[in-house]
Structure formats: C-alpha cells, structure tokens
Amino acid sequence: MSNNLSLFGSVFVALLLSGCASQALETPVETPKIVQTDVPQPTLIIKSEPIKQPLQIATWSPTPLMGRLTAMNAGYLRSYRNCLVLTDSKDSLPTDENSLLLVLADKSFSWDEGEQTLVFEGKPYKLGDELYLGGGSFSYPIGILTDEVEINWKQCGLNRGWLGG
C-alpha cells in the first residue's frame, strides 16, 4: 500500500508541477515599454588648422676667403618640418635620417612661395624635383661652418646639411 501511495503521490506531484508550468507558459509575457528619450546631438569639435608659415630656406654668406666647395650631391627637393631639404629617395617621406638641410648661398637662388618653386642658377625646381648641387656636407652643431648658417636648427629637426650654391 505504501508503494501505491508513493506512486500516487509522485504522479500527483508531477501533474501538479506540469500544470503550473503549462499555466505559466500560457500566460502572455508582458513586453517592456519602450521609452523615447532625447539623445543630445554630438558637439562638433573644430580643430584649428596651423597657420602655414612660408617655407624656411637656410642660407649662408660665402666669402672669397672660404674657397670653393667642390663636392657633388644629388637629391630630391622636399619640405620637412617647414624647411627646405634634400632627400635621398623620391618615393619615401622625408625623415631626419634620409634628409639633409639644404643651405644655399644667399644670392644664388630665389623662392616663389605661391608656386612652391626654387629658382637656382636660372632653373626652376618644384618640390619633388631632382637637384644636382655642388657644395659640401656638414653636421650640426660640430661643423666648421654651422655658425654661418642662418636658420632655426631645432625647428627643422635635422643635424646634417648640405652647403651649396
């Protein structure tokens, strides 16, 4: 009898639980209300563009007592940190490792800022053009002629240059 009672109890509990579960499943689930809120529009941040300064060209004033520099160099005329430089490759970006600060004799050239053109020995050179130039290389600040060069070296970020013109 106790087996029958326990079997009856188990069946009763199973039916009771399944009935509760089916009632819970039959009750529709209440959907949450969607609340519209005002999302603030993102604030536009306007970055100020740096004012473009005229390209700096390093110059020096050779004297007859200095002699003549006879080495030859070829490079591509580029701008690096707003300074005129010679780079060793046309396709790579100018860096402090592949660029020489171009230092020209003060009366040997002219610069057209609007056209971004250097006129040297009567020939125009645009940024990116190849330039063959006599002169000599030097390092800053240990070079012999670095006191003769007029430019802000730290702004250009270079410690090597080509003295030409």
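The values are calculated or read from the model by the stated rules, or taken from the named source; none is laboratory data. For clarity, every value in this text was computed on a predicted model and none was experimentally measured. Cβ placement follows ideal geometry from the backbone for every residue including glycine, while neighbour counts extend to all protein chains displayed.
A few remarks follow.
- Positions within segment 90-105 being surrounded by fewer than 15 Cβ atoms within 10 Å (Cβ to Cβ) and either hydrophobic (A, V, I, L, M, F, W, C) or touching a Phe, Trp or Tyr at 6+ places or on another chain (Cβ under 7 Å) (or both), in sequence order: LYS90, LEU93
- In segment 102-135, the residues that are part of a strand (DSSP E or B) and touching a Lys or Arg at 6+ places or on another chain (Cβ under 7 Å): THR117
- Of all residues in segment 122-137, at least one satisfies being on the phi > 0 side of the Ramachandran plot, more than 26 Å from the chain's Cα centre (by Cα) and at pLDDT 85 or above.
- Against the conditions (1) surrounded by fewer than 16 Cβ atoms within 10 Å (Cβ to Cβ); (2) modelled with pLDDT of 85 or more; (3) of a type in the set (Gly, Ala, Ser), GLY75 satisfies every one except (1).
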